[in-house]
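Let me begin by presenting the structure, written as structure tokens, before commenting on it.
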Amino acid sequence: MQNYKELTIIPDLKINIRKIKEISGNSSDVMINEFITGDIKCALICCEGMLSTATITELILEPIVNIEKQKDSHELFHYIQNFMLMSTDRPVATEYDTLFRLIHSGFAVLVADGMNKALAFGVQGYAVRSISEPSSEGNIMGSHEGFVEVVRTNMSLIRRRIKSPELVMELFTKGDKSRTDLCLCYMKDRVPPELLKKIHDSLDNIKLESILSTGYIRPFVENGNFELFSSTGTTERPDVLCSKLIEGRIGLLIDGVPFSIVIPKLFCESFQTLDDYAFKPYYATFIRWIKYLGFLISILLPAVYTAIVIYHPELLNSTMLMLLVEAEQQAPLSILTESLFVLLMYEIIREAGIRLPKAVGGAVSIVSGLIIGDAAVDSGLISTPLLTITALSVISGFVVPELNDTMVILRIAFLISGGIFGLFGISILACAVLVNICSTEDYGFPYTAPLSPFKTAGMDDTAIRAGFPEMQSRNFTVEEYHE
């Protein structure tokens, strides 16, 4: 049992079936149907719930039982492989490891007495979620199709948008127990060969037992150093992934996960959306700068407010200073403690709203916003200006949802630094964050390009959003940012 992955299929049908039952532990969903065709004893093995009953009946069962008498099993398999087209996907298994991977992937596997290999037929028909609008990347004027959990469906969504033979999709499996299908997507005329080789080497180092989400894979395709921001991205949209592939990036699809990993990722791409390329350039540029501003407000506003009120009140005019003094003098806690309390309460409420059922999650938001927030202000535990500042900071972070997890930690870190050391502490921490971001790279591609190192050609889709007539002739690929 420990070494079944190295065993070849046993030619004797009875012993073969006994071995299959032993390896599967007589699992109830593994169905073994013995029959005789062509005067040869055979068995059709499949996994219940993983295949289409109508498809297997029409394409496999009816044709296979009507095969004329054959001399031996070798002639039978030769006849099936060369004169019968039962499915378009027809792999051959010679080891039990491959046989079980095919069975558990929805294939019907044919074994015969006297043959040390098995024929598999793709008749998958398991229940899947239909293609729907992405939940995490909304848009107004773009496509409303998002990835689903089935990797082959996701492959078809990409192929529909890029019909060029230059698009390559490499399908392979990882995970000793889960045997998860992964698909590496790239444009062979655009992707840097060195990048492709290094990613292949990184994927070869994966020795996990199971792969159930993108978080299992991303640490292996990143450089392994401490990074505040991830140097790989994720997307739920096929059109976004296609645009990255055309730029020379590499996409990685995972079976069972409706997200694709994009390698490498740039910091400026977190502020770009598909709608930017549907609006007029001047409006798209305005929206992009709103996102840059929202990112800074989300991270720095509570910290700057706390630092100024505690250490630098001279920066405020007299009217604003008196308003803040009047509001804060009733609060029993320090401004730093108040700010931390409000931010932590918001994260608790947000997490509760996400994890609870949708009907209850909405109620949590209403109760926390109308009752807890209002009661906290009326009771004097929290000042109104502080609650307003915190709310503005949190709402500003919504414009860049892809960076939300990092912004939450940085917001708290800057708040503590500003509350203890004032604006000087904020400046020191900002320098440390900038050093970390600028030093982040993956496979030689700087995370902060084209800002650092500065590339003038990249500014037409970073500082502004140039029109398509200006961009169509540049044939941009990510190789231009490689160091």
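The values are calculated or read from the model by the stated rules, or taken from the named source; none is laboratory data. Please read all numbers here as calculations on a predicted model, not as lab measurements. Counting neighbours? That spans all protein chains shown, and the Cβs are built from the backbone with ideal geometry, glycine included.
Quick look at the values:
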quantity	calculated
Residue within segment 412-426 that is in contact with a strand residue (DSSP E or B) (Cβ under 8 Å, 6 or more places away or on another chain), closer than 30 Å to residue 135 by Cα and in contact (Cβ under 8 Å) with a residue 12 or more places away in the chain present	no
Criterion (outside any loop (DSSP other than H, G, I, E, B), outside the structural domain of residue 171 (by TED's automatic domain parsing) and more than 31 Å from the chain's Cα centre (by Cα)) met by exactly one of 102, 76	76
Qualifying position, being acidic (Asp, Glu), over 25 Å from residue 271 (Cβ atoms) and outside the structural domain of residue 107 (by TED's automatic domain parsing), among 166, 145, 137	166
Which listed residue is among the polar types (S, T, N, Q), over 33 Å from the mean Cα position of the chain (by Cα) and crowded, with 16+ Cβ neighbours inside 10 Å, from 383, 393	383
Residue 181 being in contact (Cβ under 8 Å) with a residue 40 or more places away in the chain, within 30 Å of residue 4 (Cα to Cα) and touching a helix residue (DSSP H, G or I) at 6+ places or on another chain (Cβ under 8 Å)	yes
Residue 169 vs. criteria in contact (Cβ under 8 Å) with a residue 40 or more places away in the chain and under 27 Å from residue 445 (Cα atoms)	no
Test: residue in segment 214-232 that is of a type in the set (Lys, Arg) and surrounded by 20 or more Cβ atoms within 10 Å (Cβ to Cβ)	no
Residues being hydrophobic (A, V, I, L, M, F, W, C) and either surrounded by fewer than 17 Cβ atoms within 10 Å (Cβ to Cβ) or not in a strand (DSSP E or B) (or both) - total across segment 181-212	9
Candidates 178, 164, 136, filtered to the one that is loosely packed, with under 14 Cβ neighbours inside 10 Å and farther than 27 Å from residue 399 by Cβ	164
Selection from segment 21-38 of residues that are touching a residue at least 12 places away in the same chain (Cβ under 8 Å) and either surrounded by 11 or more Cβ atoms within 10 Å (Cβ to Cβ) or outside the structural domain of residue 100 (by TED's automatic domain parsing) (or both)	22, 23, 24, 29, 30, 31, 32, 33, 34, 35, 37, 38
Pairs, first closer than 13 Å to residue 426 by Cα in segment 290-301, second in a helix (DSSP H, G or I) and small (Gly, Ala, Ser), C-beta under 7 Å, six or more apart	301/393
Pairs where the first residue, in segment 217-239, is without any contact (Cβ under 8 Å) to a residue 24 or more places away in the chain and the second is assigned to a helix (DSSP H, G or I) and surrounded by fewer than 19 Cβ atoms within 10 Å (Cβ to Cβ), C-beta under 7 Å, 6+ apart	220/203
Qualifying residue in segment 70-85 (condition: closer than 22 Å to residue 179 by Cα, of a type outside the set (A, V, I, L, M) and in contact (Cβ under 8 Å) with a residue 24 or more places away in the chain)	no
Selection count, segment 334-356, where residues are small (Gly, Ala, Ser) and within 18 Å of residue 298 (Cβ to Cβ)	1
Residue within segment 145-168 that is part of a strand (DSSP E or B), among the hydrophobic types (A, V, I, L, M, F, W, C) and closer than 21 Å to residue 248 by Cα present	yes
